[in-house]
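Read the structure below first, then the notes.
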Amino acid sequence: MEYSKTLLAGQIPRNLDPVTTLTRVNQEVFRKSKLGIFVTCMLIQLEREFGRFRMASAGHNHQILLRQDTGTAESLSGRGTPLGVFDNCEYLEKIVEYRPGDILILYTDGITEAHNSSYEEFGEERLFEIVQKSHASSPRQLIDVIFSEVMKFQAGVEASDDATMMVIKL
């Protein structure tokens, strides 16, 4: 994981698009990793001057774009092969237009895969419902509400994965 972070940090400034970065990092991770080791990630390049962002995914879970004018939560695809699985992977770029005030919600699968004592997962559907109900919240409030709901759902069950979230008002 740390090796992948280092590779990404070194490649992002050298490349002008997320697809090239993922392709180059994937090749290096594949060459250096032991069998069965892989990493998921999503790269998002914000282009404020055009009111859009460019994104490519290496198997990372879906992220969310919350449209402030409608309160609609849009799923940002998590398709793509994780880094290190195959040598020559083809990654796809998606360009998403946004409006000022829209909110980008980035999170790890520790949120959606959190489970309760019945081993039921929190899930994407529940996360999207909370995001849409809280569409008028600030980024900080949105993070607090989501983590509070995850904790209530788990009801004392210890987390089996890290849960990380970043919320950006565009």
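The values are calculated or read from the model by the stated rules, or taken from the named source; none is laboratory data. Keep in mind that this is a model prediction, so the values were computed, not measured. Glycine gets a Cβ as well: all are built from the backbone with ideal geometry, and neighbour counts include every protein chain shown. Each accessible area value is taken on the protein alone, full model and side chains, heavy atoms only, with ligands, DNA and RNA left out. Shrake-Rupley method; radii C 1.70, N 1.55, O 1.52, S 1.80 Å.
Report the relative contact order of the chain, percent, no decimals, based on alpha-carbon pairs under 8 angstrom and at least 6 residues apart. 21 percent.
Residues in region 47-61 carry Karplus couplings, in order, of 10, 4, 5, 10, x, 8, 9, 10, 9, 8, 10, 10, x, 6, 4 Hz; the curve used is 6.51 cos²θ - 1.76 cosθ + 1.60 with θ = phi - 60°, and Gly or Pro positions show x.
Would you kindly calculate the translational diffusion coefficient of region 1-129, applying Stokes-Einstein with the Kirkwood radius from alpha carbon pairs, for 20 °C and a viscosity of 1.002 mPa s, and quote it in µm² s⁻¹ without decimals? Don't skip to the answer; put the middle values down first.
Values: Rh = 15.8 Å.
Reported coefficient: 135 µm²/s.
Within region 101-170, the proportion of Cα pairs with more than 15 Å between them is 49 percent. Can you pull out the chymotrypsin sites (Phe, Trp or Tyr not before Pro) in region 55-105 whose DSSP state is coil and whose Cβ has at most 13 other Cβ atoms within 10 Å? Passing both the DSSP loop test and the Cβ count: PHE86.
Given the -39500 (n - 2.57) contribution per DSSP H run of 4+ residues, what per-residue ellipticity at 222 nm results for the chain, rounded to the nearest 500 deg cm²/dmol? Numbers along the way, then the final one.
Details: 5 runs with 55 residues, N = 170.
Result for the chain, helices only: -10000 deg cm²/dmol.
Rounded to the nearest 5, what is the percent of antiparallel bridges among the DSSP beta bridges in the chain?
Values: 26 of 27 bridges.
Given both bridge residues lie in the chain, the antiparallel proportion sits at roughly 95 percent.
The spacing between region 150-170 and region 1-54, judged by their C-alpha centroids, is 24 Å. Among the GluC sites (Glu not before Pro) in region 76-123, those placed in a DSSP loop whose Cβ has at most 16 other Cβ atoms within 10 Å are GLU90, GLU93, GLU113, GLU120. Estimated at the nearest 10 Å², the accessible area of THR72 is 60 Å² with a 1.4 Å probe.
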